[in-house]
Amino acid sequence: MAIDIYLSEEKIQNRIQELAEKINKDYAGKELHIIGVLNGAFMFTADLVRHLNMPVTLEFMSASSYGDGTVSSGELKINLDIKSDIRDKHVLIVEDIVDTGLTLTVLRKNLMERGPASLKLASFLFKPARLEHKVEIDYLAFEIEDHFVIGYGLDYAGRYRELPYVGIFHPEKES
Ligand code: PRP
């Protein structure tokens, strides 16, 4: 078997409920505009919003960052943009993983320029071993070691996103 279970479905769901409770407290009395970042964050976004109790609007966007990893400002290529105007809205970006931190650094800058009332970040995973661009994660589900993880939205060559758990992938063992 090329996959070892790293974060079980139960552990993930319990943690998401905890995160949602914190988000519910922080945004009590406010409306929240969620921006899920495709593709990886589709599952985390879907599970997280089920536990939110404030009025929520939801959109997805898709963006890739370009940079050699040594510069602090990369270029952002927006593959799919949101359609709404986020000016004066409370916005929460929902990501699956902060790895080098480049994507979130440039995405955050791009969204800040659109004038939201507030902009926070929820990330399912954070891999500090690979961080090159410091990103403030307001709501983090799990900090993980430097493993090749798949499942729960994360892929290897486009596969395994549908798994309800996070696994450590060993490509050399794949048959
Ligand atoms: C992943 C992830 C983040 C980014 C994090 O996206 O969803 O957006 O990489 O990496 P970074 O911190 O090093 O910038 P990916 O480009 O793999 O696309 P996907 O979500 O479609 O899998």
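Considering only P164, T105, G153, the residue lying farthest towards the positive end of the dipole of the chain is T105, judged by Cα position with unit charges set on Cβ. Placing unit charges on the Cβ atoms only, positive for Lys and Arg and negative for Asp and Glu, gives the stretch 125-175 a dipole magnitude near 120 debye about its Cα centre. Computed over protein heavy atoms with a 1.4 Å probe, the carbon and sulfur contribution to the accessible area of the stretch 3-173 reaches 48%. Counting only protein heavy atoms and a 1.4 Å probe, the chain has 52 square angstrom of accessible area per residue. Using the Kirkwood radius over C-alpha pairs as Rh, can you work out the diffusion coefficient of the stretch 107-172 via Stokes-Einstein at 37 °C, viscosity 0.692 mPa s, in µm² per second? The Stokes-Einstein estimate is 237 µm²/s.
For L38, the accessible area of its heavy atoms, probed at 1.4 Å with every protein chain present, is near 50 square angstrom.
Placing unit charges on the Cβ atoms only, positive for Lys and Arg and negative for Asp and Glu, gives the stretch 3-173 a dipole magnitude near 380 debye about its Cα centre.
Computed from backbone phi, the HN-Hα couplings of the stretch 32-44 come to 10, 9, 9, 10, x, 9, 6, 8, x, 8, 4, 6, 4 Hz, rounded to whole numbers (Karplus: 6.51 cos²θ - 1.76 cosθ + 1.60, θ = phi - 60°; Gly and Pro given as x).
Assuming a viscosity of 1.567 mPa s and a temperature of 4 °C, what translational diffusion coefficient in µm² per second does Stokes-Einstein assign to the chain, Rh being the Kirkwood radius over Cα pairs? Provide the component values of the computation, followed by the final result.
Working: Rh = 16.7 Å.
Translational D for this selection: 78 µm²/s.
For the options T100, T57, T45, a Gaussian network treatment of the chain with springs between C-alpha atoms closer than 10 Å singles out T57 as fluctuating the most. Every helix of 4 or more DSSP H residues in the chain counts as -39500 (n - 2.57), and over all residues that averages to -6500 deg cm²/dmol at 222 nm. Normalised by the number of residues in the chain, the average gap of Cα pairs under 8 Å and 6 or more apart makes the relative contact order 26 percent.
The values are calculated or read from the model by the stated rules, or taken from the named source; none is laboratory data. This structure is a prediction, so every number in the text was calculated from the model and none was measured. No Cβ is skipped: glycine too gets one built from the backbone with ideal geometry, and neighbour counts run over all protein chains shown. Just so you know, the surface numbers come from the protein's heavy atoms only, side chains and all, with ligands and any DNA or RNA stripped out. Shrake-Rupley method; radii C 1.70, N 1.55, O 1.52, S 1.80 Å.
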